[in-house]
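Right, one structure below, let's go through it.
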């Protein structure tokens, strides 16, 4: 039976990009040594999704392979040679050791390009070939598996299975096949039928273990929301709020009076800005402002209370609790959003709101917190 290999490429952690005629070309980078006039320069090797590589000049992958072969991109360092990191340091090598051969580095760069394009890299392709061999263990499929395995950069083969105990031993047994020799820890060994059968059992057990892990549900429910995000847009209604505002009741400017102490504010926005300013007369003016926008405008021209930036998130959370505790119908609208992510737009504030990829969305996050507290209250009224 074939396995269920996932073709997701390894995440690129170091990201960069370049602009080509207005198009953003994604890339990644790694450190490398350039050998120029006998001196080794530590620099960044930039690798792009279109197959171009920048090693003190933009070159194709084929040209990069030539730079490796010529030693321009150095994988060997001469003892006693001068080295430099531009504007940072210079030194001489003493007993230098490099871990990558030109072939290894070229293989890593090829994998990077595959990953940048969302394609399976050499390891992922090998695991696909492994599934094909296990499904139909013919010699042709073994040969395809061997070719895919040998295409993985040599130093990365031991990580192909993600097993730090067995390393790639079961894979190498299948690649070699019964009666053939393989080297392990410097010793030659002939693959027996029993060894081959044990390697096949390894992959069967591994597949079953992965499936059990995938089927295991977290003890307290799903980790991620099962529905799409909910966007709570900022909207202006010149003729008044609609009869059925729906999700918009979660907006701070929605006309849901809330009581804080002895005062009742027309909206949460009025309450927030009245609490934000230090002048008592201005607090009264904000309370009586005709609209939430007018309340905010009054606060914008006032002096805020000392420490307000540090306290505002907690105060907003308390105001949200007051709003939804005092208006059970609005609380029902909030809890009806389930476990979805709530995205709150707020013009002019990337702290409270989110616009596209920008913004911290604190309002959305606090609404999710209060939603969770409301659900907890239903489970345990004593909370």
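A compact table of results
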quantity: Residue count, the stretch 56-109 (criterion: without any contact (Cβ under 8 Å) to a residue 40 or more places away in the chain and part of a strand (DSSP E or B)); calculated: 6
quantity: Residues that are buried (at least 20 other Cβ atoms within 10 Å of the Cβ) and either in contact with a strand residue (DSSP E or B) (Cβ under 6 Å, 6 or more places away or on another chain) or under 15 Å from residue 325 (Cα atoms) (or both), drawn from the stretch 344-360; calculated: 344, 353, 354
quantity: Unmet requirement for residue 302, which otherwise passes all of (1) touching a residue at least 24 places away in the same chain (Cβ under 8 Å); (2) surrounded by 13 or more Cβ atoms within 10 Å (Cβ to Cβ); (3) in a helix (DSSP H, G or I); calculated: (3)
quantity: Residues of the stretch 323-337 satisfying the condition of being touching a strand residue (DSSP E or B) at 6+ places or on another chain (Cβ under 7 Å) and either crowded, with 16+ Cβ neighbours inside 10 Å or modelled with pLDDT under 95 (or both); calculated: 323, 337
quantity: Filter result for residue 47 (under 21 Å from residue 101 (Cβ atoms), in contact with a strand residue (DSSP E or B) (Cβ under 8 Å, 6 or more places away or on another chain) and touching a residue at least 60 places away in the same chain (Cβ under 8 Å)); calculated: yes
quantity: Qualifying positions in the stretch 258-289 - assigned to a strand (DSSP E or B), surrounded by fewer than 23 Cβ atoms within 10 Å (Cβ to Cβ) and in contact with a helix residue (DSSP H, G or I) (Cβ under 6 Å, 6 or more places away or on another chain); calculated: 258, 260, 277
quantity: Residue identified as modelled with pLDDT under 95 and surrounded by 15 or more Cβ atoms within 10 Å (Cβ to Cβ) among 174, 106, 100; calculated: 100
quantity: Candidate set: the stretch 330-352, residues that are in contact (Cβ under 8 Å) with a residue 60 or more places away in the chain and not in a loop (DSSP other than H, G, I, E, B); chosen: the one farthest from residue 310 (Cα to Cα); calculated: 333
quantity: Qualifying strands (runs of 3 or more DSSP E) (wholly inside the stretch 150-250; at least 3 residues being farther than 30 Å from residue 127 by Cβ); calculated: 230-232
quantity: Residue 196 being surrounded by 11 or more Cβ atoms within 10 Å (Cβ to Cβ), modelled with pLDDT of 80 or more and farther than 17 Å from residue 142 by Cα; calculated: no
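The values are calculated or read from the model by the stated rules, or taken from the named source; none is laboratory data. Just so it is clear, the model here is predicted, and its values are computed rather than measured. Don't worry about glycine lacking a Cβ; one is built from the backbone with ideal geometry, like all the others, and counts go over all protein chains shown.
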